[in-house]
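Values quoted throughout were computed directly from the atomic coordinates according to the rules given, and no laboratory measurement underlies them. Since this is a predicted model, take the numbers as computed values, not measurements. Note that we place each Cβ from the backbone using ideal geometry, even for glycine, and neighbour counts take in every protein chain shown.
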Amino acid sequence: MRHIIDFNDMTMDEWNSLYSLCREIMANPMDFRDELRGKTMASLFFEPSTRTNFSFQTAMLKLGGGVFGFSDPQFSSVSKGETIKDTVIMCSSYADVIVMRTPWEGSAKAASLYSQCPVINAGDGGHLHPTQTLADLTTITELRGSASNLNIGLCGDLKNGRTVHSLIKALSRFENVSFFLISPRELAIPSYVRSFMNENGQKYVEVSNLESTMPQLDVLYMTRIQRERFSDPAEYERHRHAYILNAQKMKLARKDMIVMHPLPRVDEISQDVDGDPRAAYFKQAEYGLYIRMALLLSVTRDGKGLPEFVAPEVRPHACHNPRCITATNPYLPIINKQENGTVCCGYCDKEI
Ligand code: NCD
């Protein structure tokens, strides 16, 4: 049984076959219309979503499968105090695949311990968003031929943007990628991502100026300042207009640079960029649908299986990240991992 918690759980061979399958689907979508007939996807969205939720639901429907779930936890038993463990045990007995988004870091990993069917992480707080990464890699590969040999600028809220964290980790598997991390100092990438980049020999510079960086880029990946992850609203106000890409600034970019954005945008890309042939963000959302169809097909291929019994732990968790799933679900088993001499939480990846 295959869970998708982090892109790097996949081998490069698996990514290449997923991408080939995606291309087959794009070429002849109707050939796949009955592939998942009789199968069901549980769509558990504890946080708002338009693209990811709709794109997974559409993907399942286009494969002939069915969908149930919620997009607002107020309409689920979670609002009555049900644990994530119980929700997952129950839903996985009905479904063939669970797609889950929550505000808690490491929640998809926690869910996978109890699930009878594959769990796909559709975003766990500010941590990871591997299926957005699949959409991003598909876009870069389709529009540029390869995700290797790339100068990529990641701009905006790099501290809280999970799509950026996932993409950085995934691009460690590709050759000769240079990162330009463009953010206000207060919204720079978290230290665990920086450690990951150092350990993996990834080339990067951290800068705050977008305009001076633009001429060097093959890809500019804009992101929204993540209002919901700020504990201090004044801090959000200080940064909300940090970067605005407009048609004027696009004149500084290479003729073949592409502009990406996981969406939703607020005002970090102005409307006058939409008509520019280099604007790839809506196409990116469309590629997301096809790669998610490929993903649903491949994870459901092996069927279901009972998870191993996980005994509840009584010891307190050592992870001090208040947004980690272990902070609110103390019964979870303690999972730590060692990364180059540093002990990290096996759920949220933060250093312990
Ligand atoms: C992103 C997310 O949810 O992290 N959106 C998405 O999945 N397409 C980006 C964001 O919310 O800013």
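Remarks
- Across the range 119-277, the relative contact order, built from alpha-carbon pairs under 8 Å that are at least six residues apart, equals 22 percent.
- Couplings 3J(HN,Hα) for the range 137-149, derived from phi with the Karplus relation 6.51 cos²θ - 1.76 cosθ + 1.60 (θ = phi - 60°), are 5, 4, 4, 4, 5, 5, 8, 10, x, 6, 9, 8, 6 Hz, where x marks Gly and Pro.
- By the beta-carbon count within 10 Å of each Cβ, the least crowded to most crowded order of Y290, Y243, fewest first, is Y243, Y290.
- For S208, S146, order by how many other beta-carbon atoms lie within 10 Å, fewest first: S146, S208
- Counting beta carbons within 10 Å around each of V299, V266 and listing the fewest first gives the order V266, V299.
- Violating pairs (Cα-Cα greater than 25 angstrom) within the set K169/K350; K159/K304; K62/K283; K249/K350: K159/K304; K249/K350
- Semi-axis lengths, largest first, of the ellipsoid equivalent to the range 199-352 are 38, 23, 17 Å, with √(5λ) applied to each eigenvalue of the Cα gyration tensor.
- Relative contact order (%) - criterion: Cα under 8 Å, at least six apart; region: the chain: 19 percent
- The range 26-43 and the range 49-79: distance between their alpha carbon centers, rounded to Å: 15 Å
- With θ taken as phi - 60° and the Karplus curve 6.51 cos²θ - 1.76 cosθ + 1.60 applied, the whole-hertz 3J(HN,Hα) list for the range 272-287 is 6, 8, 4, x, 6, x, 7, 6, 10, 5, 6, 4, 4, 5, 5, 4 Hz, x standing for glycine and proline.
- Residue-span extension gain [D302 to E286] - 0.36 nm each, minus C-alpha spacing: 3.1 nm
- Calculated from backbone phi, Karplus (6.51, -1.76, 1.60) coupling profile of the range 35-40 in Hz, x at Gly/Pro: 4, 10, 4, x, 9, 10
- Taking amide H as placed 1.01 Å from N in the peptide plane, V67 has its amide H under 5 Å from the amide H of M41, each at least 5 places away in sequence or on another chain.
- Segment R194-S212, length gained on full extension (0.36 nm per residue, minus Cα span): 4.2 nm
- Spacing of the two label points (7 Å from each Cα toward its C-beta) at E186 and S77, in nm: 4.2 nm
- Remark on the chain: C22, C91, C117, C155, C344 stand apart, with no other cysteine beta carbon under 4.7 Å.
- Those aspartates and glutamates that a straight Cα-Cα span of less than 12 Å connects to K337, excepting residues fewer than 8 apart in one chain: D349, E351
- Other residues with beta-carbon under 12 Å from the beta-carbon of V343 carry, at +1 per Lys or Arg and -1 per Asp or Glu, a net charge of -1.
- Along its principal axes, the chain has C-alpha extents of 56, 50, 37 angstrom, given from the largest down.
- Classified by the C-alpha gyration tensor, the range 130-279 has an oblate form. Its axis ratio a/c, with a ≥ b ≥ c, is 1.5 or above, and a/b does not exceed b/c.
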